[in-house]
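The values are calculated or read from the model by the stated rules, or taken from the named source; none is laboratory data. Small disclaimer: the values here were computed from a predicted structure and weren't measured. We work out accessible area using only protein heavy atoms, side chains counted, and drop any ligands, DNA or RNA first. Shrake-Rupley method; radii C 1.70, N 1.55, O 1.52, S 1.80 Å.
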Amino acid sequence: MPIVKNVSRAVSQLLQSSGCGCGISIVPVRCIGVSPRQVASDASFHSVSFSESDHPRVLITGGLGQLGVGLAKLLRKRFGKNNVILSDIRKPADNVFYSGPFIYADILDYKNLREIVVNNRITWLFHYSALLSAVGEANVPLARAVNITGLHNVLDIAAEHNLRLFVPSTIGAFGPTSPRDPTPDLCIQRPRTIYGVSKVHAELMGEYYHYRYGLDFRCLRYPGIISADSQPGGGTTDYAVQIFHDAIKTGKFQCNLKPDTRLPMMYIDDCLKATLEVMEAPAEALSMRTYNISAMSFTPEELAQEVQKHVPELQVTYNVDKVRQAIADSWPMNFDDGNARRDWGWKHDYDLPELVTTMFSFLGSDSRIAQAN
């Protein structure tokens, strides 16, 4: 099959490049997962959902990305260290490896992923494995394999073993014909990136599996996520993380988006809190399978002005990346998350001033300012 050869070749080339960081292993690509209604002979011993009085057994795929490590820390504090398994196909840092259970899991390897779920009695699955927007546009076959084929594997396994499944979506699931200010939960979605297309696909497939097979599928559309614990990973909103690193290290920041590009953003603690809250929400409280969540919305210029309150000598210039700018111009400017706030009580904690202060408290702005003085 030519597509399999092309994808394997693309994976090999990407892994040899030091600039990728996505760490996808070379495996044969399955065109579609096995239907959960075709694989039932040996599933009875793991087909009963966990009791609400018991802690869930959690697996996080793609766990070494921006959100996985923080989510594992939050869930382990709530459910116990040994009940939360972090997984990826990359080698974890020592502090991650020794902080709790870690396992190798490739979402393109259906059999291995299924064995992990069965052998570890998994009841909740958080599926974070994906190639982000800018990286995905640079390698569409790989993004299609990871973001879509990998999703099929996870959906089938989750339905077969009666898991509660969380798959994140994103502002990238909308396109230039979607209402942008504000963007409601239900509207036209015609994204123009493979990342966005794969996220719309995930939303619809998850909803289909819910109504067709009874899968407990839950999904949040994340805005741009800002975290002090991770480096930018190829997303269009990553400028909002890079500015803090550059302000501390060099005092100079070059932004790849126009200064007036407004996008919805969120501090990582709010994102993780929302993720846990929607997973713990009673099923009867959920009026839909996919919700927008929001906290704040700002432009690069507004962020830079707030950062300069902490690092006055910061020099900001703009060198617009046409690909990223086109992506950003097709995305929402503000999210309408009224349904999440009404259905399960979503409420954010961080606005822009609190976000900037918190980021600098983690990244050590005091030493940077002292050196400048």
Region 69-201: radius of gyration over Cα atoms, expressed as a fraction of 2.2 N^0.38 Å = 1.16
message = Taking 10 °C and 1.306 mPa s as the conditions, I'd like the Stokes-Einstein D for region 242-356 in µm²/s, using the Kirkwood hydrodynamic radius from alpha carbon pairs.
response = 100
task = May I have the pair-distance distribution P(r) for region 221-303, computed from all Cα-Cα distances with 10 Å bins from 0 and rounded to whole percent?
result = 16, 43, 26, 12, 3, 0
key: Set of aspartates and glutamates with alpha-carbon distance to LYS322 below 19 Å, sequence-local pairs under 8 removed   = GLU137, ASP238, ASP260, GLU301
ask   = aspartates and glutamates near LYS91 by alpha-carbon distance under 18 Å, same-chain residues fewer than 8 away left out - which ones?
value = ASP106, ASP109, ASP229
message = Straight-line reach from LYS309: which lysines fall under 19 Å, measuring Cα to Cα and dropping same-chain residues less than 8 apart?
response = LYS249, LYS252
query = Per Stokes-Einstein, at 25 °C and 0.890 mPa s, what whole-number D in µm² s⁻¹ belongs to region 130-371, with the Kirkwood radius over Cα pairs as the hydrodynamic radius?
reply = 132
inquiry  = Using amide H atoms built in the peptide plane, which far-off residues or other-chain residues are under 5 Å from ILE103 H to H?
reply    = LEU86, SER87, ASP88
ask   = Using only the Cα atoms of region 174-261, what do you get for the radius of gyration and for Dmax, in Å?
value = 17.0, 54
query = Does region 273-320 come out rounded, prolate or oblate, given a ≥ b ≥ c as the square roots of the eigenvalues of its C-alpha gyration tensor, rounded meaning a/c under 1.5 and, failing that, prolate meaning a/b above b/c?
reply = prolate
remark   = Here Rg/Rh (Cα, Kirkwood) for region 152-220 equals 1.02
note = Expressed in square angstrom to the nearest 10, the accessible area of VAL58 with a 1.4 Å probe stands at 0
query = Just how much of TYR208 is accessible, in Å², when a 1.4 Å probe is used and the result is rounded to the nearest 10?
reply = 110
note = Accessible-area order for ARG190, ARG341, ARG114, ARG212, largest to smallest, probe 1.4 angstrom, reads ARG190, ARG212, ARG341, ARG114
